[in-house]
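Trainee: Sharing a structure with you now.
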Amino acid sequence: QKIKDALRDFNEAWKLDAFDLYAEKLYSVYQSQKDQSSLVNLINEWHQRLPNSSQALLLMAMLQQEKGQTNEAIDAYEKVLRAQPDNQIAMNNLAWLYIDGHPEKAEKLASVVFARAPDAVDIIDTYGWILFKNGKVKEALPLLEKASRLSPDNALIKEHLLHVQQAVGSN
């Protein structure tokens, strides 16, 4: 009942005034309920109603990335970083998106975010994978081994590590 009441109250507040706080609360409730449809609708509305909100823009970028809208996601992440130059999520995700089209930019950005958060699993994985894709296999290996130790059940990290191990073994 408390979730229903909270959802009703935050929806009413959001309808009256578009504030990041209300949208963040709604986002949390929808996320806890695993209500993907409402999350997507909220992100779109949030971005429409508060186009200068860095949080809304970040969530929109993540949604675009998830949908495979790479160019739109890149544009959105770059806008987030202009407003919040230290946003590690935007930096890491943008580095990931740069892998294929801008490998040097990807590596530089991944290096910066890794220096700021050397124990964040997603950041370690991204940096290691970018190094691997840029031909720096021996530099990538210890990073992906660390990521695998920190998140042993992560299938994507296991896959990345396997590719790097195979590349090291063939050298």
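What follows is calculated from the coordinates using simple rules that are stated; it is not laboratory data. This one's a predicted model, so the numbers in the text were calculated from it and none came from an experiment. Because the Cβ atoms are built from the backbone with ideal geometry, glycine has one as well, and the counts that use them run over all protein chains shown.
Trainee: What are the ³J(HN,Hα) values, in whole Hz, obtained from phi via the Karplus relation 6.51 cos²θ - 1.76 cosθ + 1.60 with θ = phi - 60°, for each residue of region 59-65 in sequence order, with x given for Gly and Pro?
Mentor: 5, 5, 4, 5, 5, 4, 4
Trainee: What number, in percent, do you get for the relative contact order of region 38-171 if the mean sequence gap of Cα pairs under 8 Å and at least 6 apart is divided by its residue count?
Mentor: So the answer I get is 13 percent.
Trainee: Is the C-alpha gyration tensor of region 1-89 telling us rounded, prolate or oblate? Criteria: a/c under 1.5 is rounded; beyond that, a/b larger than b/c is prolate, otherwise oblate.
Mentor: Taking the square roots of the gyration eigenvalues as a ≥ b ≥ c, region 1-89 is prolate.
Trainee: Pull out the extension gain between residue 17 and residue 4, defined as 0.36 nm times the separation in residues minus the alpha carbon to alpha carbon distance; nm, one decimal.
Mentor: That pair, residue 17 and residue 4, stretches by 2.7 nm at full extension.
Trainee: Choose one answer from 27, 127, 98: the residue with the largest mean-square fluctuation in a GNM of the chain with alpha-carbon springs under 10 Å.
Mentor: Fluctuation is largest for 27.
Trainee: Over the chain, with a Gaussian network built from C-alpha contacts below 10 Å, which listed residue (88, 36, 65) shows the highest mean-square fluctuation?
Mentor: Maximum fluctuation in the GNM of the chain, among the listed residues, is at 36.
Trainee: Taking a quarter of the surface of the Cα convex hull of region 90-171, what do you get in nm²?
Mentor: 4.8
Trainee: Rounded, prolate or oblate, given the Cα gyration tensor of region 61-107, with a/c below 1.5 counting as rounded?
Mentor: oblate
Trainee: Report, in whole Å, the centroid distance computed from the Cα atoms of region 44-95 and region 127-145.
Mentor: Each part reduced to its Cα centre gives a spacing of 26 Å.
Trainee: Based solely on its DSSP helices, what 222 nm [θ] is calculated for the chain when runs of n ≥ 4 H residues each add -39,500 (n - 2.57) and the sum is averaged over all residues, nearest 500 deg cm²/dmol?
Mentor: Calculated at 222 nm, the ellipticity per residue is -26500 deg cm²/dmol.
Trainee: What shape does the chain take by its C-alpha gyration tensor, where a ≥ b ≥ c are the square roots of the eigenvalues and a/c under 1.5 counts as rounded, a/b above b/c as prolate, and the rest as oblate?
Mentor: Prolate is the answer for the chain, as a/c is 1.5 or above and a/b outweighs b/c.
Trainee: Between residue 108 and residue 83, what is the spin-label point distance in nm, taking each point 7 Å from the Cα along the Cα→C-beta axis?
Mentor: 2.5
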